[in-house]
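Structure first, commentary second.
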Amino acid sequence: MHIMEGFLPAGHALGWSAAALPCVALGLRAIRRRVRANPEFKLLLGVAAAFAFVLTALKLPSVTGSSSHPTGTGLGAALFGPLAMAPIALIVLLFQSLLLAHGGLTTLGANVFSLGVVGPLVAFALFRAGLRLRVPQGMALFVAIALADLATYLTTALQLALAFPDPVGGVAGAFAKFAGIFALTQVPLALGEGVLGALLFTRLISGNARELRALGVPLAPQGSRP
Amino acid sequence: MSRWRCRIGTLLCGVWWCLLMPPLAAAAGTDEQATRLAQTLVPDYRPWFAPLSGAPSAELEPWFFALQAVLGLAAGAACLVLLHRRARAQRSGRRAEGRAMNAESLDAPQGRG
């Protein structure tokens, strides 16, 4: 989902940056508030940030013959809300653009918007909906993380389609082409990320459910299926 | 989720990893494919900004990604260990408190009746 340096027209780059910046600011404020209310929250957020940091470093081959990487922001968003992941995505993307020339500074806003805003929003909404529908929380988290991963890549496809419309099919035609590149490769990786996230979540809550609830992590009511 | 389900999940992850990795190690990245498609759709587009650091060589790139993964793993493991220790300390604190309260209620004189 990294749009390469200089590969968005200046107007688009500025527009996406303007859209991502308030989310990062709100995210920082939300993190500061929660840490002030409960300093233990820092450790949990550290686990979620590390998960994103590790997964975005794994460039994995997929069934279509091309390679891509998981996003890693779904887990943190499901547990701590979507806002918390925007600053984390910014840190991950800055690291990669400065050290690896993967992504870029001019496309940072667009990349933060897809990785740190849209993906986390999808994960958070789906996890909450799953808990409300009394889906076992491991399954709810798996679905939320997997679909958040796909949503991130579809957002990148839309951003590129808006910047590079197809001469015949327009934006819709270009979106179909970009989504075709990302979506097929990403499906197995998204499923893998979902399983991995659900496993880490199980590890996190085993024996710590009471403490996690006290930190404001949304968990299924006691006595329901994990 | 039971411990067994967790183990089966880990095993499935391993199988998934093994199936994906070996035959496709030299696969082209989707980011690069998307960049090429963008250039095909608008051939006269020229990137207006170059990466500040310059792309690392093909030999170095995997090491930088590995560095990122190792940093993430180290930070995540440290946070998990600290969380686990604190949760255990809180639990043992609660248990000690419960035992003290039980002992107190047993020692109290049976005044009624």
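What to note about this one:
- Among the residues of the stretch A:131-146, the one identified as in contact (Cβ under 8 Å) with a residue 40 or more places away in the chain, in a loop (DSSP other than H, G, I, E, B) and open to solvent by less than 60 Å² (accessible area, probe 1.4 Å) is A:PRO136.
- Just one of the listed residues (A:LEU90, A:LEU8, A:LEU43) is more than 7 Å from chain B (Cβ to nearest Cβ) and open to solvent by 10 Å² or more (accessible area, probe 1.4 Å), and it is A:LEU90.
- Scanning the stretch A:160-188 for residues that are more than 8 Å from chain B (Cβ to nearest Cβ) and within 20 Å of A:LEU55 (Cα to Cα) yields a total of 3.
- A:ASP149 fulfils the conditions (1) closer than 21 Å to B:GLN39 by Cβ; (2) in contact with an Asp or Glu (Cβ under 9 Å, 6 or more places away or on another chain) except for a single criterion, (1).
- The stretch B:34-68: number of residues that are aliphatic (A, V, I, L, M), farther than 21 Å from A:TYR153 by Cα and assigned to a helix (DSSP H, G or I): 2
- Of all residues making up the stretch B:38-75, the number that are closer than 17 Å to A:LYS59 by Cβ, hydroxyl-bearing (Ser, Thr, Tyr) and within 7 Å of chain A (Cβ to nearest Cβ): 0
- A:VAL187 being in a loop (DSSP other than H, G, I, E, B), surrounded by fewer than 23 Cβ atoms within 10 Å (Cβ to Cβ) and at pLDDT 85 or above: no
- Members of the stretch A:147-159 found to be touching a residue at least 24 places away in the same chain (Cβ under 8 Å) and open to solvent by 10 Å² or more (accessible area, probe 1.4 Å), listed by number: A:LEU147, A:LEU150, A:ALA151, A:LEU154, A:THR155
- Test: residue in the stretch A:162-179 that is assigned to a helix (DSSP H, G or I), at positive phi and open to solvent by 10 Å² or more (accessible area, probe 1.4 Å): yes
The values are calculated or read from the model by the stated rules, or taken from the named source; none is laboratory data. Since the structure is predicted, the reported quantities are computational estimates derived from the model, not experimental observations. Cβ sites come from the backbone with ideal geometry, for glycine too, and all protein chains shown count toward neighbours. Heavy atoms of the whole protein, side chains included, go into the accessibility calculation; ligands, DNA and RNA do not. Shrake-Rupley method; radii C 1.70, N 1.55, O 1.52, S 1.80 Å.
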